[in-house]
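The values are calculated or read from the model by the stated rules, or taken from the named source; none is laboratory data. The structure displayed is predicted, hence computed values, not measured ones. Virtual Cβ from ideal backbone geometry, glycine too; neighbours counted across all protein chains shown. Areas reflect the complete protein model, heavy atoms only, side chains present, ligands, DNA and RNA absent. Shrake-Rupley method; radii C 1.70, N 1.55, O 1.52, S 1.80 Å.
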Amino acid sequence: MAETSIKSMDAIVSLCKRRGFIYPASEIYGGINGFWDYGPLGAQLKKNLRDAWWQDMIMNPCWGRPGPDGEPVRCVPVETRIIQHPKVWEASGHVGGFNDPMQTCRQCKKLVRADHVDEMLREAEWFGPLVSLFESGDHLDIDRLRQWIKKYGAKQAKGMALVREQKKVLELLLALAEDLRNRGEEMTLHQFLQRIATPPESAQLCDMCPNCGGDLTAPRAFNLMFKTFVGATTEQTDDNAAYLRPETAQGIFIQFKNVLDTTRVKLPFGIGNTGISFRNEVTPRNYTFRSREFEQAELEFFCHPDESQDWYKFWRDFRMEWWQSIGLRGDNLVLREHDPDELSHYSTGTSDVEYRFPFTAPGFGELEGIAHRGCFDLSQHQEHSGAKLDYFDTERQARLQAQGLPKDEINKQCRYIPHCIEPAAGLDRGALALLCEAYTRDESRPSPEIMRFHPRMAPIKAAVFPLVNKDGMPEVAAKLHAELFKRFGHLGFIETDPKQSIGKRYARMDEAGCPYCFTIDSETLTDQTVTVRDRDTGAQERIAIDRVTSYLEERLDG
Ligand code: GAP
């Protein structure tokens, strides 16, 4: 199969618009930076992702696999509000610490985020040709680079003062490469990007406004929470101010006590929450990757402190396996354990599941973080609210009583603030990774763009086509379509389309990522068989029409 391995983000964005996966929000008014809408196929793709998370994390956690204690994993859902009491965000640390380092341009007055140099460089028009220099063996050929600078060096990078000084960037790159070569090393693209994104090289590149080239002020903290005002009041003051949540996690912590008191859950157990979060990102970019409104799917798993490391490892490994199970396989997905100096003061472990998006390649971008949060959040809310958020462990109590421990000692050991493991996934980033992974070009096909979604994620599950729109075929197709819709309609679209050549109809389904097409032809009318066409191979086989439902059941359920 003549497939190309390098995926073009432009091609993916264009297909997503053309086929109704993703649209710019408020497009008819010129769009609004950092906000995206989903069209019919995108909305269903995201629903499939959310449903899979809900099913595999809450309803049947970890596919029924036992936890490290040998017992089934127990989880329950909540659905909490976007607006909460403002004190929630003081306790969580978001009012005081949820900041990005910002610089203001003295000339154009725009805000600039100081730590995004590498992303800005990637947007420069010379970045693509530069990457190609590394592609032969991933190492930089300095002589080719010199020739390349001669050719491109004078050209200006579009609208970016940071790289308006393109020559400066290239000189720096050359100096870095020569420096490495003098030390007997060769520079990879990855090393180059790391070097220019960290001081002192980044400082050399970042001394002017990327928008107009003006002078920048010293960095200062910019809070990412959106503020609003609650209630019918003419005065908008701090007394009626509130925040749009920057994460769904805090809704779980503040309902922890209610869940304990109103259900029969016992530690260890998890509470899951999905929903929209808002962050006033300074530099929303890379399509939906960093948006100002996005959806999260977070689980807080509460356990005894002594068992928390085992649960941390368990969730970290399961979450990686889960993303693989829905189609993000191979080298594009990695699990990266944070270095100790990257951890928050209360965390004893954090890992990220990262995906190699076309715009981060050869690097990776975060899809989900799995963090050991200790007892930080419950302790903070206990302190700020005055409510008691500890837990009395009756199962441990029974065990210690059987061992004959004194009552005081038992009470001391059995009352504690649980520790918490947090797998926090982004559903928009997840959907974007599914779209990037699915996108395939096969030049040997008449219509080369194919979206190879995992069948569980595919927004269109199946299509039924009459070969021609006459001779009794449309009626048979309509009957089969109705049957399939009744059985599988809750999982996604079941399409039918009598118009155009069959090749064009297949091509449309390939672009939308529909895994199976069933065609009714003249043979169907005599022997009750249909053709089933596989999206990925284009291969066709004949099966009995009354086997179509079980054929799909075997491939779509789970
Ligand atoms: N409660 C922990 C928490 O919110 P996070 O790493 O800030 O952790 C979790 O966010 C996930 O939410 C990220 O891994 C990412 O997938 C998604 N996410 C965060 N900020 C985002 C943004 N601006 N746009 C899209 N997704 C975002």
Which number in (1) buried (at least 16 other Cβ atoms within 10 Å of the Cβ); (2) closer than 24 Å to R290 by Cα marks the one condition that C75 misses? (2)
Looking at (1) within 30 Å of M9 (Cβ to Cβ); (2) in contact (Cβ under 8 Å) with a residue 60 or more places away in the chain; (3) away from the ligand (no atom under 16 Å from the Cβ), find the lone condition where D331 falls short. (2)
When you scan region 349-435 for helices (runs of 4 or more DSSP H) that lie fully inside it, which ones turn up with 3 or more residues that are in contact with a helix residue (DSSP H, G or I) (Cβ under 9 Å, 6 or more places away or on another chain) and farther than 20 Å from L260 by Cα? 407-414
Scanning region 75-119 for residues that are in contact with a strand residue (DSSP E or B) (Cβ under 7 Å, 6 or more places away or on another chain), β-branched (V, I, T) and not assigned by TED's automatic domain parsing to the domain that holds F253, the one modelled with the highest pLDDT turns out to be T104
Tally time: how many residues in region 285-310 are in a loop (DSSP other than H, G, I, E, B) and within 12 Å of the ligand (Cβ to nearest atom)? 6
Are any residues in region 234-284 over 26 Å from Q55 (Cβ atoms), more than 16 Å from the ligand (Cβ to nearest atom), in contact with a strand residue (DSSP E or B) (Cβ under 6 Å, 6 or more places away or on another chain) and not small (G, A, S), and if so, which ones? Q236, N240
All-but-one check, V548 against (1) open to solvent by less than 70 Å² (accessible area, probe 1.4 Å); (2) at pLDDT below 95, failing number (2)
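Yes/no matrix, rows are residues, columns are (1) surrounded by 20 or more Cβ atoms within 10 Å (Cβ to Cβ); (2) assigned by TED's automatic domain parsing to the domain that holds P40; (3) at pLDDT 95 or above:
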| site | (1), (2), (3) |
| --- | --- |
| E443 | no, no, no |
| F465 | yes, no, yes |
| A482 | no, no, yes |
| P498 | no, no, no |
For region 405-416, which residues satisfy the criterion of being modelled with pLDDT under 95 and open to solvent by 60 Å² or more (accessible area, probe 1.4 Å)? P406, K407, D408, E409, N411, K412, Q413
Identify, by number, the condition in (1) open to solvent by less than 80 Å² (accessible area, probe 1.4 Å); (2) farther than 17 Å from N286 by Cβ; (3) without any contact (Cβ under 8 Å) to a residue 60 or more places away in the chain that E27 doesn't meet. (1)
Single unsatisfied condition, L299 versus (1) out of contact with any Leu (no Cβ under 8 Å at 6 or more places or on another chain); (2) surrounded by fewer than 22 Cβ atoms within 10 Å (Cβ to Cβ); (3) at pLDDT 95 or above: (2)
Scanning for something open to solvent by 70 Å² or more (accessible area, probe 1.4 Å), over 24 Å from R441 (Cα atoms) and at pLDDT 95 or above, does region 509-524 turn up at least one residue? no
Quick one: is E449 open to solvent by less than 50 Å² (accessible area, probe 1.4 Å) and within 16 Å of the ligand (Cβ to nearest atom)? no
Qualifying residues in region 417-428 (those that are open to solvent by less than 10 Å² (accessible area, probe 1.4 Å) and under 23 Å from P358 (Cα atoms)) - the one nearest to the ligand (Cβ to nearest atom): A425
Name the residue that is nearest to the ligand (Cβ to nearest atom), counting only residues in region 467-480 that are in contact with a Ser or Thr (Cβ under 8 Å, 6 or more places away or on another chain) and open to solvent by 30 Å² or more (accessible area, probe 1.4 Å). A478
Considering only region 465-476, I want to know if a residue exists there that is in contact with a Gly (Cβ under 6 Å, 6 or more places away or on another chain), on the phi < 0 side of the Ramachandran plot and not polar (S, T, N, Q). no
Exactly one condition in (1) modelled with pLDDT of 95 or more; (2) open to solvent by 40 Å² or more (accessible area, probe 1.4 Å) is false for A431; which is it? (2)
Within region 275-286, count every residue that is open to solvent by 20 Å² or more (accessible area, probe 1.4 Å), in contact with an Asp or Glu (Cβ under 7 Å, 6 or more places away or on another chain) and within 20 Å of I83 (Cβ to Cβ). 2
Any chance G20 is more than 16 Å from the ligand (Cβ to nearest atom), open to solvent by less than 10 Å² (accessible area, probe 1.4 Å), without any contact (Cβ under 8 Å) to a residue 24 or more places away in the chain and out of contact with any Pro (no Cβ under 8 Å at 6 or more places or on another chain): no
Which residue out of D377, D352, D390 is more than 16 Å from the ligand (Cβ to nearest atom) and either of a type outside the set (K, R) or open to solvent by 30 Å² or more (accessible area, probe 1.4 Å) (or both)? D390
Go through region 87-101 residue by residue and tally those that are surrounded by 19 or more Cβ atoms within 10 Å (Cβ to Cβ) and either touching an Asp or Glu at 6+ places or on another chain (Cβ under 6 Å) or over 30 Å from F314 (Cα atoms) (or both). 1
